[in-house]
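Please read the structure below before turning to the comments.
The values are calculated or read from the model by the stated rules, or taken from the named source; none is laboratory data. All figures in this text were calculated on a predicted structure; none of them were measured in a lab. Reconstructed Cβ throughout: ideal geometry from the backbone, glycine too, with neighbour counts over all protein chains shown.
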Amino acid sequence: MRLQPLRYSFRLELTAEPQGLKPLFRTCSLSTAKAVPLTKLSLKQLETVTMKYCKFLSSSGTPRYANLEDRNGVLWAASLMEPPVEDLATQLAILNAPEPFTAAPLSSLKLLPPVTPSKIVCVGRNYKEHAAELGNEVPKEPLLFLKPPSSLLAPGGTVRMPALSKRIDYEGELAIVVGKRCSRLSPAEDTRSYIRGYTIVNDVTARDIQKSDGQWTRGKGWDTFCPAGPIVALTDPDEIDPLNGGPVTVTTRLNGQVKQHGSTADLIFPLDFLLRYISASITLEPGDLIPTGTPAGVGPVQPGDTVEVEVTGLGVLRNTFATE
Ligand code: ZN
């Protein structure tokens, strides 16, 4: 069996040809870059990132990572990929159970959460209208809290609703996936090189327990309260650029009905600010997950409900809810 390494990608700046063309920034895989005459390009930055990938369970029950490709508007798992550095369990599983791979549509795979974070650092009340809807002031500094990695749930998985809670809410969010160790970033440092990509998170919350506990750990940290996926992608800065304020939209549907629709342009604390703020006190490791807050429109779910969170360029994270 052959595994492809994490794909390297160039961020390329096209020279102004033909005359008058605005300089463009594009992110290309190596294979794409080879097809372009380099004389017409000036190399802006080299990054060790993947374009798009997923984690899935193979037919023999082994976790795998796959590079994704767009084939006529449908995402396909095109080739196997080496597990990211932080996912030692999958690296071992692959050593012990090599097997062949055939390309398949993403929708046909049994997906797993595409992240193995050492911690999930969340940001509360990062959209003005959401802070207001729960009767809270807009925070003067980012409001950080942790969800444990044990709360992760696969795309398509069922959130188990604890009987102890009488109000469980969805919170659709864009999340950063950290690409390399990140500590005490200086104001001048480019945060882009620390971002491996983005994914979607549903920051499921037992609202009553969040309030009655005071601390948010239990209300936010229950097993299955962090659905994540379906993919990790580094978005194309030509189309969408959440780092610079959008226009990345976060849309949440409850049983098909739109409940949340926000733009990262409305974030109180933008993504690069968050990375600097968090890394000033907490060292971020590769694979760490940073959900960046939820737009207005949070609300309760009932057993049997389906919640879909859609983010520009990242697909749809769909999960159902059931009593424990
Ligand atoms: Zn949240």
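Structure notes:
- Selection of segment 275-300 for residues being within 13 Å of the ligand (Cβ to nearest atom) and crowded, with 22+ Cβ neighbours inside 10 Å yields LEU289, ILE290, PRO291, THR292, GLY293, THR294, PRO295.
- Selection count where residues are within 15 Å of the ligand (Cβ to nearest atom) and small (Gly, Ala, Ser), scope segment 182-208: 1
- Selected residue (criterion: surrounded by the fewest Cβ atoms within 10 Å (Cβ to Cβ)) from residues of segment 168-181 that are more than 15 Å from the ligand (Cβ to nearest atom) and within 24 Å of GLY221 (Cβ to Cβ): VAL177
- Listed by first and then second residue, the pairs with beta-carbon distance under 6 Å, at least 6 apart or on different chains, first residue in segment 178-191 and among the hydroxyl-bearing types (Ser, Thr, Tyr), second surrounded by 12 or more Cβ atoms within 10 Å (Cβ to Cβ) and in a loop (DSSP other than H, G, I, E, B), are SER183/THR283.
- The criterion of at least 3 residues that are assigned by TED's automatic domain parsing to the domain that holds ILE231 and under 16 Å from the mean Cα position of the chain (by Cα) is met by the following strands (runs of 3 or more DSSP E) wholly inside segment 124-178: 172-178.
- In segment 209-229, the residues that are away from the ligand (no atom under 16 Å from the Cβ) and surrounded by 15 or more Cβ atoms within 10 Å (Cβ to Cβ): GLY229
- Residue in segment 122-167 that is surrounded by the most Cβ atoms within 10 Å (Cβ to Cβ), counting only those that are away from the ligand (no atom under 13 Å from the Cβ) and of a type in the set (Val, Ile, Thr): VAL159
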